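The values are calculated or read from the model by the stated rules, or taken from the named source; none is laboratory data. Nothing here was measured: the structure is a model prediction, and the numbers come from that model. In this analysis, Cβ positions are derived from the backbone assuming ideal geometry, glycine residues included, and neighbour counts consider all displayed protein chains.
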């Protein structure tokens, strides 16, 4: 799950740099699914045994397909910048680098 979270955030930072046009809802939904899945695994006592349903898999498939396109199209310095932003986020106190959706 950690690698999926990393992919979500790297894809987000690359989208912010102009690589990809997926809606913010895709990123927030994937982030929420990952968080819920981890909580459920923790609550069940099965920290190593978690699963994703078909709808959740569809969300991650879309996000990973976007990230695949980003990997093929963004220049190396954009990845380095996204990695710096990810590390800064991880060192900080923010709950998420992705803005909260408002109505």
For residue 69, work out the one condition from (1) under 13 Å from the mean Cα position of the chain (by Cα); (2) surrounded by 13 or more Cβ atoms within 10 Å (Cβ to Cβ) it doesn't fulfil.
(1)
Which one of these is within 21 Å of residue 29 (Cβ to Cβ) and either modelled with pLDDT under 95 or surrounded by fewer than 15 Cβ atoms within 10 Å (Cβ to Cβ) (or both): 95, 76, 84?
95
What number goes with the only condition from (1) at pLDDT below 95; (2) crowded, with 16+ Cβ neighbours inside 10 Å that residue 103 does not pass?
(2)
Of the criteria (1) out of contact with any helix residue (DSSP H, G or I) (no Cβ under 7 Å at 6 or more places or on another chain); (2) not in a loop (DSSP other than H, G, I, E, B), which one residue 60 fails:
(1)
Whether any residue in the stretch 31-48 is at pLDDT below 95, surrounded by 11 or more Cβ atoms within 10 Å (Cβ to Cβ) and within 12 Å of residue 11 (Cβ to Cβ) is what I want to check.
yes
Matching residues in the stretch 10-52 (within 23 Å of residue 70 (Cβ to Cβ), without any contact (Cβ under 8 Å) to a residue 40 or more places away in the chain, part of a loop (DSSP other than H, G, I, E, B) and touching a helix residue (DSSP H, G or I) at 6+ places or on another chain (Cβ under 9 Å)) number 3
